[in-house]
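Here is the structure we will look at, set down as structure tokens.
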Amino acid sequence: MLSIIFDIVAPVFLVIGAGYLAVWRGLLSDDMVDGLMKFAIQFAVPCLLFRATSTMDLGTAYDWRLMSAYYIGSTTSFAVATLLAWKLFDRTPGEAVAVGFGALFSNLVLLGLPISERAWGADTVAMASAYAIVSIHAPFCYLLGITSMELLRADGRSLPETAKVVVRAMFRNSLMIGIGLGFIVNLSGLSLPEALVSAVDIMARAALPAALFGLGGTLTKYSLKASIGEASSISASSLVLHPGISFAVCRLLDVPAELTSAVVLMAAMAPGVNAYLFASMYHRGQSTAASTVLLGTGVSVLSVSIWLWILRIA
């Protein structure tokens, strides 16, 4: 079993490591990695999400129990991380939200999808559930994060202004555009030209390798110099508390084992780069957010493997 888990997890992190080494050793410049990530996030990954949402069985994928299990876990993780930053590490309320966001926004696209695909297979019900979770991840996290920030920080916006910020964050997100177009095709029953479908498929196949390699290069920009204890607490909320709660909710709601595995594995992913971008947007807790992304990604090599082992024996 351990060799099977290693074969699932190791290739993903080896590609990330290759990207990290390429930039660290000067084989690729920061500008080249930025260009690669722009291609992946703004073009290739939206094509991947478009194809997934345009062809999935929406009734099966959007099971309310799965969504509840994942997002109850992520909300609780965010609340605990924010309270720890506020009360234990003496952050101001606004800084605490910025830091705690790392326990809310998991790296579902760059880590969750490739690991899930290797674990469950590309054309499975489990993968359809993974894509369903991804499709509402950014809207949910930004809505909760931005609203919490505006309510708690001393110089927060009014509710109408907060709503405008949330809407802008959604409609400027290329991933959400790909998902939205996929839903339009799925719900309308529109038949796309075969040449267009093939072109989108070519782009989609490039998405995950390019994104993983680029993620490794991007991680060279972060360091573990700041707030190791705080970053460790946020990472633990993301890597242990979130999947643990999701697993418990799945059991409580009697979710089938295959779908429980899909939800919990996605919940076990490390904090995403968006955690740092969110902190930077509000100029609060950037160094801790950066440390959390780097530390969480590194530790997730072990933690994801442990969760896979738990899911296989449960």
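The values are calculated or read from the model by the stated rules, or taken from the named source; none is laboratory data. The structure presented is a predicted model; accordingly, all values stated were derived computationally and were not measured. Using ideal geometry, Cβ is built from the backbone for each residue, glycine included, and neighbour counts are taken over all protein chains shown.
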Single condition residue 90 does not satisfy, out of (1) modelled with pLDDT under 95; (2) in a helix (DSSP H, G or I): (2)
Residue in region 151-160 that is among the hydroxyl-bearing types (Ser, Thr, Tyr) and within 23 Å of residue 300 (Cβ to Cβ) present: no
Output for region 23-34, where each listed residue is in a helix (DSSP H, G or I) and buried (at least 19 other Cβ atoms within 10 Å of the Cβ): 23, 33
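Hey, does region 142-160 have a residue that's more than 24 Å from residue 105 (Cβ to Cβ) and surrounded by fewer than 20 Cβ atoms within 10 Å (Cβ to Cβ)?
Yes; the residues of region 142-160 include at least one that is more than 24 Å from residue 105 (Cβ to Cβ) and surrounded by fewer than 20 Cβ atoms within 10 Å (Cβ to Cβ).
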Top-ranked residue of region 73-117 - restricted to ones that are among the polar types (S, T, N, Q) and over 22 Å from residue 281 (Cβ atoms), ranked as surrounded by the most Cβ atoms within 10 Å (Cβ to Cβ): 116
Test set (1) out of contact with any Pro (no Cβ under 8 Å at 6 or more places or on another chain); (2) of a type in the set (A, V, I, L, M, F, W, C); (3) surrounded by 20 or more Cβ atoms within 10 Å (Cβ to Cβ) - residue 39 fails condition number: (3)
Residue pairs meeting the criteria (Cβ under 8 Å; at least 6 apart or on separate chains; first closer than 19 Å to residue 204 by Cα, in region 100-122; second of a type in the set (D, E, K, R) and crowded, with 22+ Cβ neighbours inside 10 Å): none
Residues within region 262-293 that are in a helix (DSSP H, G or I), touching a helix residue (DSSP H, G or I) at 6+ places or on another chain (Cβ under 7 Å) and farther than 18 Å from residue 85 by Cα, tallied: 6
Filtered residue count, region 13-32, keeping only those that are modelled with pLDDT under 90 and of a type in the set (Val, Ile, Thr): 0
Matching helices (runs of 4 or more DSSP H) fully within region 170-261 where at least 3 residues are surrounded by fewer than 14 Cβ atoms within 10 Å (Cβ to Cβ) and over 16 Å from the mean Cα position of the chain (by Cα): 174-188, 194-218
